[in-house]
1. Given contacts defined as C-alpha pairs under 8 Å and at least six residues apart, what's the relative contact order of chain B, whole-number percent?
2. Please compute the contact order of the range B:49-137 in relative form: average sequence separation of alpha-carbon pairs under 8 Å and at least six residues apart, divided by the residue count, as a percent.
3. Rounded to the nearest 500 deg cm²/dmol, what is the calculated helix-only ellipticity per residue at 222 nm for the protein assembly as shown, with -39500 (n - 2.57) per DSSP H run of length n ≥ 4?
4. Taking loop as defined by DSSP and a crowding limit of 14 other beta carbons within 10 Å, which trypsin sites (Lys or Arg not before Pro) in the range A:29-123 fit?
5. What residue in chain B has the Cβ closest to the axis turning B into A, and how close is it in whole Å?
6. Less than 21 Å apart at the alpha-carbon level, and either on another chain or at least 8 residues along: which lysines does that give for A:Lys36?
7. Place a +1 charge on the Cβ of each Lys and Arg in the range B:50-189 and a -1 charge on the Cβ of each Asp and Glu, then give the dipole magnitude about the Cα centre in debye, rounded to the nearest 20.
8. Where the label is 7 Å out from Cα toward Cβ, how close does B:Asp32 come to the same position in every other copy, in nm, shortest first?
There are 2 protein chains.
Amino acid sequence: MEMPPSTNLREKILDVATDLFYREGIHAVGVDRIVKESGVAKMTLYNHFDSKDTLIAEALKRHGEQWRADFVASVEKKAKAPWDKILAVFDTLEAWFDGKEFRGCAFINAAVELADTRHAGRKISADHMKHIRDYLASLTQEAGFKRSGELAGQLQLLVQGAIVAAVIEGSSDSARRARKVAATILENA
Amino acid sequence: MEMPPSTNLREKILDVATDLFYREGIHAVGVDRIVKESGVAKMTLYNHFDSKDTLIAEALKRHGEQWRADFVASVEKKAKAPWDKILAVFDTLEAWFDGKEFRGCAFINAAVELADTRHAGRKISADHMKHIRDYLASLTQEAGFKRSGELAGQLQLLVQGAIVAAVIEGSSDSARRARKVAATILENA
DNA sequence: TTGACTTTAGACCGGTCCGTCTACACAACT
DNA sequence: AGTTGTGTAGACGGACCGGTCTAAAGTCAA
C-alpha cells in the first residue's frame, strides 16, 4: 500500500532547475548540474524537455504560478479591507526581502539574463508582470478607485523598483519606502 | 609628427568589453570574443587585467562614470529650474528607453548576473545607485524640499522601477508613468 | 511470459570557457 | 649593438557546455 515515492521525475527536475536557476542564475547552471542534483539520468531530462531553453521556459512558468499564488495568499492574509490590502502588498514584499534565500525577482532576473528578446522565457516574464499588474488593478478597483488601471501601473513601478533596490542594497528598506510612496499616491488618487 | 594612433590598448579593450557585456550579458561574452573584437592579442588583455572578473569590474566602473556624466548632462540640458530638473530626470529616462540599443541598466543587470555578492562588480553596482541617489538628493535639496534625502530615496525607486519595466515591456511608457508619480510625491512633499 | 516503454549510467561529440605558454617582432633607450 | 618592455599569433590545457548515443536494467500490462 505504499505510495509510489512521489517520484514524478518531471516535477523533480523542474523543482531542482527552478531552485538552481533562481539561486545561481540561468547561465551559470549547466544541464549536468541539474541532472546530478535531481538524481536523474541525463536522457531522462532530455526525454521530458526538448532542450535547456524549453526547460528554462517551463521552470519559469511553473515558478510564476506558484509565486503568484503565494504572493496573493500572503497579501490576503495580512489585510481584509481593500485599501489595506494594497499596502499589504508592500508588507509582503518586505517579508520576502528579509528571507535568507531572497535573490530578487526570478522574472526580472530572467529578462536580464536572456538577452535575446525572442527567448520563450522573456514572454513568460512579461506575462508574469502583466498578471501582477492585473492583480493590483483588482485591488484598486475593489478599493473603489477610478482609473484603477492607471493606479495599478504606478504601483507596479514601485513594486519592481523596490525589488531591484532590495537586491542591490541588500536590505528590505526599499519596501518601506515604496509603501510610503504608495500611500501618498493612494491618498491623492 | 604623427600622433600615436590613439592606440591605448587598455581603453580599447575596456570599450569593447563594456559594449559586449551590456549588449549580450556578462556571462554570455567570453574573453576570446573580447580579444577578437578588440583586435588585440590575448596576452595583451591578460597583461592589462588579472582576470575576466577584474576586467568586468573595471569596465563597469568606467561605464558608470561615463553613464552618470551623460545622464546629468542630459537632465541639466532639459531643464533649468530645480523642480523641473527633477521631472527632467524622467524625460531623460524616456529618451534613453527609446534608444535602439537600450538593454536596461548595466548595473542592475550586473547585480543580477553576478550571483555571488562578493564579486567586485556588485559593489560597483551598489555605488552607482548611491551616486544616483546623491544626485537626486542634490536636486531635491536645490528645489528646497525638506527631507530631501527621503524624497531622493523615493524617486530612485521610481527610476529603477521604470528601467526594469521598460526592459520587460519593451516600451518607454514606464518613464511617463514614473514621471507622473514623481510629480504627485513632489506636490505632496 | 512476452513485449512495449521508461529509466539508468556513462561514454562520447564538437565546441567554448578562462587562463597560460611559447616564439617571435618591433619599439625605445643606452 | 644590446637590452628592456610591450606587443603579436596561436597552440595548448583542463574543465565545462548542451546534446546524442548505447547497452543494460526496471516496470507494467496483456
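Every number in this text was worked out from the coordinates using simple rules, so none of it is lab data. Worth saying up front: this structure is predicted, and the values here are computed from it rather than measured. Every residue, glycine among them, receives a Cβ derived from its backbone with ideal geometry; neighbour counts consider all protein chains shown.
1. Reported as a whole number, the value is 21 percent.
2. 34
3. -25000 deg cm²/dmol
4. A:Lys80, A:Lys100, A:Arg118
5. For the rotation taking chain B to chain A, the closest Cβ gives B:Gly161, 1.
6. A:Lys12, A:Lys52
7. Numbers: 21 positive and 20 negative charges, 51 e Å.
Charge dipole, the range B:50-189, about its Cα centre: 240 debye, nearest 20.
8. Those separations, rounded to one decimal, come out as 1.7 nm.
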